[in-house]
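Comments concern the structure below.
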Amino acid sequence: MPIPENDSRLRLLRTAFVVYYHSDLEKSKEFLSDFGFEVAEDRGDEVFYKGYGAEPYVYVARKAKGDSEFGGGAYEVESREELERAAKLPSATAISPLNAPGGGEIVTLTDPVGHKVHLVYGQTLREPEEMNLKKLVVNYEDDKPRKGKFQRFEPGPAPVHRWGHYGVTYPQGKYQEMFDWYTSTFALAVSDVVLKDDKPITCFFHIDRGLEFTDHHAFFFKMAKPDQTPTVAHAAFEVHDFDTQQLGHQYLREKGHELCWGVGRHVLGSQIFDYWFDSSKFVLPIPQPGQALIKISAFGINRMDISQRRGGYPVPFGASNTLGVEFSGSIETFGDNNRRGFQEGDEVFGLAYGGAYAEYIAVSTGMLMRKPNALSLAQCAAIPKAWMTATQALHQVLEFQPGKSILWHAGASGVSIAGIQLSRAAGASTIFTTAGTQEKCNLTTSERIGATVAINYKTEDFVEVIQRYTNGKGVNYIVDFVGGPYFQRNLEAAGRDCRIVMLGRMGGMKAPDADLTPVLRKRIRFEGSTLRSRDESYQSKLREMLETYLPKFETGDFTVVLHKTLSWHEIQEGHRQIEQSENSGKIVCLVD
């Protein structure tokens, strides 16, 4: 999804360099040379090291005045304007010339723990160096393309290509403050979260470039041990391939360097890496009293997941930082005897505050529902978020009355498809909806969904259509997901005593030059609402209402529209389709 123009986060392009202060600069020179760096420029008390990539340098070693310390990591920002915006932030330095190979300008920020984050712009890149590094032909046990040919390897340092990522540590109790600062300041999006005792302790971030692919992580932070001062965790540099890495590893050992020093040797994602996970990598959640442990079969993808992934959706206090709020599966065990009539092995589906992108989830039994026989587990995983949100909007917020008209924007979304059917069942006189393609319009007015009038917002003005259809009276209720761009037009489409609920902000939050006259003249009531922020008592009431609808799924009066069912290994594709608004209905991932 392209980054919105009104996104206030600083836009980053790439990792640039790291800075270390060494008490023994000469000793660091020996190590860095053996590691695989080349000197770009030596100024005595400051040495710039380069790889064979286009960056003018990737590592800065400076003479420390006291003990060795980490001097921060640097990112290149998208434009000079981004650098100017950065300089206006709290703790930021003024823009200053970057006195280093390649030139440019720099601004330095300080995170909540005290780590420096440098932002640069205007560096002159260089021509990448030609390296005598071959792309190896690899033989496998069942496919041996390299026959009668030998591959010889030269021992020595592993030439560094570029800098990949770095990480820092934070003291206990600072996770959320660090998370909030980094995700609100920079265009960084969450890639992975590591939990301990169901609490996040480590978070990996990639540079958010919208639809562009970027490395799995450019930055991470993790909790420091109680007796340790927060510092750098490691910096990692990309090399040519695994054989090059292992030859470099052997060379460093032969030179007498200590394994696991200050810089790492692996980078996840698109870069070369070599790491091992122990048996505790997958932590099985332990159900607490009132909870059940669910083995997940399927989970639904929602637009909020994308927002959370990009750092734009605050997770409720105490909730898992793992994405996903709706799921289906079978009960493995319980935290106590408060089972609400469920048994081990029961197939269920439900809503959670987070953590559904997983193999197991511990969730309150108060949020579970039995799977109807007529529905698959994939269909059930598509129900909780959409149908509870639609129920909340229609009955809890709007207090819908039979015989009235209603407009559901984003008509082909999971929530609106549910809302249209609920409106029909509640006795709506006319159901308007908007969508961006004729195919989506046709879906919403199909017999199984039941909208009365579908408006293609790309070819028609929904205000004009509604006013014409209602003889100028307007619509009684409006459910909006777009936000700012539709604010004024919703007021114009509204009838007297209309109630409007805003459930999303897909188009942004600002409504410039809005004329509020219709609010008074038509006595319009406007309200915003979310579901995830509500407590379990509130959500349980919606679950009870949803359970009364389940027989209608059995009879076919209500239907679940699945746009696509994917393997959970294809989550990225699911996110992409939702970001591009390609879906008509829900996208569900199967845990296989």
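Structure above, values below:
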read-out: Label-to-label distance, nm, for residues given as Thr517 and Leu211 (7 Å Cα→Cβ offset); value: 4.0 nm
read-out: Binned Cα-Cα distance frequencies in the chain - 10 Å width, integer %; value: 3, 15, 22, 21, 18, 13, 7, 2, 0
read-out: Degrees, to the nearest 10: 414-425 long Cα axis against longest axis of the chain; value: 10 degrees
read-out: Hits among aspartates and glutamates - C-alpha to C-alpha of Lys144 under 17 Å, sequence gap 8 or more where chains match; value: none
read-out: Lys552-Ile201 FRET efficiency (beta carbon distance; Förster radius 45 Å; 0.05 resolution); value: 0.50
read-out: Charge dipole magnitude, Cβ of K and R +1, D and E -1 - the chain, Cα centre, debye nearest 20; value: 1660 debye
read-out: Of Val348, Val19, Gly51, farthest towards positive along the dipole that unit charges on Lys, Arg, Asp, Glu beta carbons give the chain; value: Val348
read-out: Per-peptide average of other Cβ atoms within 10 Å, ordering 544-553, 71-80, 438-447 highest first; value: 71-80, 438-447, 544-553
read-out: Added length on full extension, which subtracts the Cα-Cα distance from 0.36 nm per residue, Thr437 to Ser529; value: 30.4 nm
read-out: Principal-axis tilt of helix 25-35 within the chain, Cα atoms, nearest 10 degrees; value: 70 degrees
read-out: Convex hull of Cα atoms in the range 386-528, direction-averaged projection (nm²); value: 7.6 nm²
read-out: Long-range HN-HN contacts of Tyr360 with modeled amide H, under 5 Å; value: Ile296
read-out: Nearest-0.05 FRET efficiency for Val39 and Ser68, computed from C-beta distance (R0 25 Å); value: 0.80
read-out: Percent RCO, i.e. relative contact order, over the chain, from Cα pairs under 8 Å lying at least 6 residues apart; value: 10 percent
read-out: Cα→Cβ-extended label distance, 7 Å offset, between Gln572 and Arg80, nm; value: 3.6 nm
read-out: Proxy reagent accessibility, fewest Cβ within 10 Å first, across Asp480, Asp111; value: Asp111, Asp480
read-out: Where only alpha carbons of the range 293-398 are counted, the Rg and the Dmax (Å); value: 13.8, 39
read-out: Peptides ranked, highest mean first, by Cβ atoms within 10 Å: ranges 160-171, 178-189, 409-420; value: 409-420, 160-171, 178-189
read-out: Amide H partners (placed H, <5 Å) of Arg14, local residues excluded; value: Glu76
read-out: Contour excess over end-to-end distance, with Cα ends at Glu582 and Ala319 and 0.36 nm allotted per residue; value: 91.7 nm
read-out: Virtual spin-label span in nm between Tyr538 and Asn471, 7 Å along Cα→Cβ; value: 4.0 nm
read-out: Using alpha-carbon coordinates, inclination of helix 484-493 to the longest axis of the chain, degrees; value: 10 degrees
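Computed from the coordinates by the stated procedures, all read-outs in this text should not be read as laboratory data. All values reported here derive from a predicted model rather than from experimental measurement. Positions of Cβ are generated from backbone atoms using ideal geometry, with glycine treated the same way; all protein chains shown enter the neighbour counts.
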